[in-house]
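What follows draws every value from the coordinates through simple rules; no lab data is involved. Computed from a predicted structure; not experimentally measured. Backbone-built Cβ (ideal geometry, glycine too); neighbour counts: all protein chains shown.
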Amino acid sequence: MPAKLAGARRKKPAASRILLRYRETDSEYGVSRKTATRLAQSLGLSETQVIHVALARFARQTLPRYEPDDGPLTAEQKKAIERLQPRGRMKVKSSLF
């Protein structure tokens with residue numbers, strides 16, 4: 001029984017795909033296909049994987065790694081933290097400096 005090659009790859013909806021156009025020459029904001037191919041060969045990855053690695057590194061470098069907070073603690077929150085501190089072992093400070 002022959003294997004179905006056409007059905008082996010599932011097509012994703014068009015909304016989840018993007019088109020990447022390589023630059024003619026390498027610059028601060030893009031790379032050529034030749035550079036992407038060299039990176040892929042050097043790292044032992046596919047060109048798609050190289051793009052994902054680059055985007056992941058850029059995201060870690062650029063985006064905050066934490067959720068923004070609501071600002072300074074309220075007096076009630078400070079009291080709750082003080083209640084959780086073991087007695088006698090530590091001094092509670094309201095400032096780091």
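Using DSSP to call loops (not H, G, I, E or B), can you name the GluC sites (Glu not before Pro) in the range 15-97 whose Cβ has at most 15 other Cβ atoms within 10 angstrom?
Here the sparse-neighbourhood loop sites are Glu24, Glu28.
Could you please state, rounded to a whole Å, how far the C-alpha centre of the range 45-78 is from the C-alpha centre of the range 21-36? Measuring centre to centre over Cα atoms gives 26 Å. Taking 0.36 nm per residue of separation and subtracting the Cα-Cα distance, full extension of the segment from Gln49 to Tyr29 would add 5.3 nm.
The length gained by stretching the chain between Ser42 and Arg57 to full extension, at 0.36 nm per residue less their Cα-Cα distance, is 3.7 nm. Find, among the chymotrypsin sites (Phe, Trp or Tyr not before Pro) in the range 18-83, those assigned to loop by DSSP (not H, G, I, E, B) with at most 12 other beta-carbon atoms within 10 angstrom. The qualifying sites are Tyr29, Tyr66.
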